[in-house]
Structure formats: C-alpha cells, structure tokens
1. Looking at the chain only, what percent of DSSP beta bridges run antiparallel? Nearest 5 please.
2. List the residue ranges in the chain for DSSP H helices whose C-alpha atoms run 30 angstrom or more along the long axis and whose Kyte-Doolittle average is 1.0 or above.
3. Put LYS80, LYS43, LYS147 in order of accessible area, largest first, 1.4 Å probe: what do you get?
4. With the radius of gyration and the Kirkwood radius both derived from the Cα set of the chain, what is their ratio Rg to Rh?
5. With a 1.4 Å probe and all protein chains left in place, how much of the accessible area of the range 2-160 comes from carbon and sulfur atoms, in whole percent?
6. I need the peptides 14-21, 67-74 ranked by packing, meaning the mean over residues of other C-beta atoms within 10 angstrom, with the highest value on top.
7. So what is the accessible area of the chain per residue, in Å², with the probe set to 1.4 Å?
Amino acid sequence: MLEVGCGAGALAVLAAGIASSVVAADVSAEAIQNTTLNIAWHKAQNVEVVESDLFEHIHGVFDTIVFNAPFFPGRASSAKERMWLGDNGRILERFLRDAPSHLAPDGEIWLTHSSVADESSFRAALDGAGWSWTVMDSRDILIETFKLYRAVRHVDAAEGGRG
Ligand SMILES: C[S@@+](CC[C@H](N)C(=O)[O-])C[C@H]1O[C@@H](n2cnc3c(N)ncnc32)[C@H](O)[C@@H]1O
C-alpha cells in the first residue's frame with residue numbers, strides 16, 4: 001500500500017498491520033519526521049517513509065493507494081496550509097493523472113472529500129480521468145458530510161501500450 005500525504009502517519013501505522021508493506025509519503029519534511037517517529041513508536045517494521053511531492057520520489061506499483069487529500073479551495077503558502085488547501089483542486093487532479101502509473105493491475109485508490117469543499121468538481125475530475133468510483137462510507141461531522149471514495153481505473157489496450 002502507498003499512502004500519499006501521510007501527515008503524522010496514523011493511517012500508515014494502521015495499514016502496517018494489514019498490508020504486507022507500506023510506503024508513507026508526504027511533501028512536508030515535518031510530516032515525514034512525525035511519521036518516522038510514529039512508525040518507530042508503534043514498532044511497524046514494514047513501513048518505508050519517503051519525502052515526495054505526490055509521486056515524484058515514488059518507485060514501483062501498489063495494490064492500494066490512499067490519499068486523505070487537502071481538498072479545500074485556495075493555494076497553500078506554507079507547509080501548514082498544505083494540510084487542507086489543495087491548490088484549487090490541482091493537487092487532486094495531478095494525483096488522479098499520475099496514480100495509474102503506480103497502480104498494479106486491478107489496483108484501487110481511496111480518497112476523501114467533503115460536502116463543504118468542491119465535491120462536484122472532484123467527481124467530474126474522477127470521471128474525466130476515467131475512474132469508476134463508489135462512496136464507501138460517509139460521516140456527518142458538524143457542518144459537513146465527510147466521504148470516503150474508492151476508485152478503480154480500467155486501462156484500455158491502447159493506453160496500456162504506452163508503457
Ligand atoms: C488532510 S492532511 C492528511 C494527513 C493524514 N494522512 C491524515 O489522514 O491524518 C493532507 C496531507 O497531505 C500532504 N500534502 C499536501 N500536498 C502534498 C503533495 N503535493 N504531495 C504529498 N503530500 C502532500 C500534507 O502535507 C498533509 O500531511
């Protein structure tokens with residue numbers, strides 16, 4: 001499993017008990033430090049931690065890629081703001097564009113989104129990039145409905161041929 005945007009590493013620690021191996025990645029050096037500490041604290045030995053802007057330093061393919069993405073509109077001007085501001089949807093668009101080349105055949109991506117962000121553009125981006133998606137879970141939290149999306153992408157023969 002690959003977790004993009006691992007933050008403090010909570011999901012990566014949980015996933016370590018389920019997946020055979022986990023890569024936890026984040027663009028923030030502070031997040032990488034936090035994840036590294038939490039991995040050690042929880043004695044998770046099957047987690048590799050990588051500082052990376054999305055897939056920039058990620059090698060290999062994964063059965064599952066998860067991203068609790070920064071989906072709120074606006075452009076981040078600090079590492080702290082990168083936790084929730086997703087460059088006006090560009091972060092998720094880049095993720096959806098690049099994820100297929102790191103996904104095993106029949107692999108899946110898991111993403112979060114919220115009713116108080118631009119969820120309809122997110123769904124359009126999924127559709128536009130050829131993903132078939134399902135909402136697996138949703139929770140009402142104060143003013144928002146927080147949703148968990150699972151998406152798969154079936155590569156056609158012509159696309160597969162591009163290598
Ligand atoms: C909403 S937080 C999620 C943190 C953690 N995964 C969790 O669920 O608690 C979003 C994370 O994505 C990271 N992030 C933002 N832009 C990124 C990028 N371009 N590449 C990798 N990680 C990014 C942020 O640093 C932050 O840790």
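1. Numbers: 15 of 32 bridges.
Counting DSSP beta bridges with both partners in the chain, the antiparallel share is about 45 percent.
2. Working: long enough: none.
Qualifying helices, which must be both long enough and hydrophobic enough, do not occur.
3. Working: LYS80 135, LYS43 155, LYS147 35 Å².
Ranked list, largest accessible area first: LYS43, LYS80, LYS147.
4. On the way: Rg = 15.5 Å, Rh = 16.2 Å.
My calculation of the ratio gives 0.95.
5. Values: 4770 of 8940 Å².
Within the range 2-160, the accessible surface is 53 percent carbon and sulfur.
6. Working: 14-21: 14.6, 67-74: 18.1.
For the peptides 14-21, 67-74, the packing ranking is 67-74, 14-21.
7. Numbers: 9340 Å² over 163 residues.
Ligands and nucleic acids excluded, the figure is 57 Å² per residue.
The values are calculated or read from the model by the stated rules, or taken from the named source; none is laboratory data. In this text the structure is predicted, and so the values were computed from the model without any measurement. Virtual Cβ from ideal backbone geometry, glycine too; neighbours counted across all protein chains shown. Areas reflect the complete protein model, heavy atoms only, side chains present, ligands, DNA and RNA absent. Shrake-Rupley method; radii C 1.70, N 1.55, O 1.52, S 1.80 Å.
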